[in-house]
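Before any comments, here is the structure.
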Amino acid sequence: MCRPRSGKVLALKRSLYMQWKKFVERTIWALWLLVFGGAGLCVVVGSIGFFSKNGWLPIDAAAWVQAVGSVAAILVAALIASGDRSFTKKNIRAREKVVIRAVEERCVDAYGALSALNYRLRNHFRPVNQDSPAEVKSALQRAEEVLRDLQTIDLMSMPTTEVVECVLAARAIVQICKEFALEGWDPALAVEVHEYSPLEGLLDQMQWQINQLRACALSV
């Protein structure tokens, strides 16, 4: 099922596009400086060489100008390479943020699905099956959907091991909730409780994973 992207992910992608645009602009200006500045420098060097050949300038003047030109060319090349490395690092960080935020969205969806399942299970302690109320079966189906979404996440593309651990933990939490619904729970547990919340502990664990992902996104 397709879900709309959050404003955070779209904002990060927009930021990535602006960084790319700025990099292209800087590269064009650097190339312009290298081409036209180099051409102008060649004219100056050639003129000085001509003047030196005719004895109008000291003999070593041309050598000095050539040395200066070589240094200028090296500085321009270094400037372009530095800008490229800077953009690459920013690009990598921006992509990592997008990946982490996308995983966070999946976990937030999972938290919502488990909250709905928890609400339905409060008054339904029997194992969920075909004879269960429609709203209970629908809540379990939603939990199964978010579990499939979490299982489609490619762990090899995760930016850090912390994010991988969060994905694995989120999968395990949803799987346990699913099994809990299929097995049912002992109604004796709710006798002395005003409002029993069968999945409360698991919901707390899922919220902790979400907080960890947010911390990872801030540290990138």
I'd like to check something: does segment 111-122 contain any residue that is open to solvent by 50 Å² or more (accessible area, probe 1.4 Å), under 15 Å from Ile210 (Cα atoms) and under 35 Å from the mean Cα position of the chain (by Cα)?
yes
Could you check segment 176-220 and list, in sequence order, the residues that are part of a helix (DSSP H, G or I), among the charged types (D, E, K, R) and open to solvent by 70 Å² or more (accessible area, probe 1.4 Å)?
Glu179, Glu183, Glu200, Asp204, Arg214
Residues of segment 186-214 satisfying the condition of being under 17 Å from Ala116 (Cα atoms) and not charged (D, E, K, R):
Tyr196, Ser197, Pro198, Leu199, Gly201, Leu202, Leu203, Gln205, Met206, Gln207
Among the residues of segment 150-170, write down those that are open to solvent by less than 50 Å² (accessible area, probe 1.4 Å) and under 22 Å from Glu200 (Cβ atoms).
Leu150, Cys166, Ala169, Ala170
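Using the structure shown, decide if Arg142 is touching a Gly at 6+ places or on another chain (Cβ under 9 Å), open to solvent by 60 Å² or more (accessible area, probe 1.4 Å), at pLDDT below 95 and not aliphatic (A, V, I, L, M).
Taking the combined requirement at face value, the residue does not satisfy it.
Going by what's in this entry, would Cys166 be described as in a helix (DSSP H, G or I) and under 23 Å from the mean Cα position of the chain (by Cα)? Quick ask: steps written out before the conclusion?
Values: in a helix (DSSP H, G or I): yes; under 23 Å from the mean Cα position of the chain (by Cα): yes.
For Cys166, the condition - in a helix (DSSP H, G or I) and under 23 Å from the mean Cα position of the chain (by Cα) - is met.
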Single unsatisfied condition, Val136 versus (1) open to solvent by less than 30 Å² (accessible area, probe 1.4 Å); (2) under 30 Å from Lys97 (Cα atoms); (3) assigned to a helix (DSSP H, G or I)
(2)
Kindly list, by first and then second residue, each pair from a residue in segment 184-206 that is over 18 Å from Val136 (Cβ atoms) to a residue that is modelled with pLDDT of 90 or more and part of a helix (DSSP H, G or I), limited to pairs with Cβ atoms under 6 Å and residues at least 6 apart or on different chains.
Gln205/Ile173; Met206/Tyr111; Met206/Ile173
Out of Ala94, Ala110, I need the residue that is modelled with pLDDT of 95 or more, in contact with a helix residue (DSSP H, G or I) (Cβ under 8 Å, 6 or more places away or on another chain) and not charged (D, E, K, R). Which one?
Ala110
Consider Phe125 against the criteria (1) open to solvent by 30 Å² or more (accessible area, probe 1.4 Å); (2) part of a loop (DSSP other than H, G, I, E, B); (3) under 30 Å from Ile92 (Cβ atoms): it satisfies all of them except one. Which criterion is unmet?
(3)
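The values are calculated or read from the model by the stated rules, or taken from the named source; none is laboratory data. Every value quoted in this text rests on a predicted model; they were computed, and no experiment measured them. So basically every Cβ, Gly included, is an ideal-geometry build from the backbone, and we count neighbours across all protein chains shown. Each accessible area value is taken on the protein alone, full model and side chains, heavy atoms only, with ligands, DNA and RNA left out. Shrake-Rupley method; radii C 1.70, N 1.55, O 1.52, S 1.80 Å.
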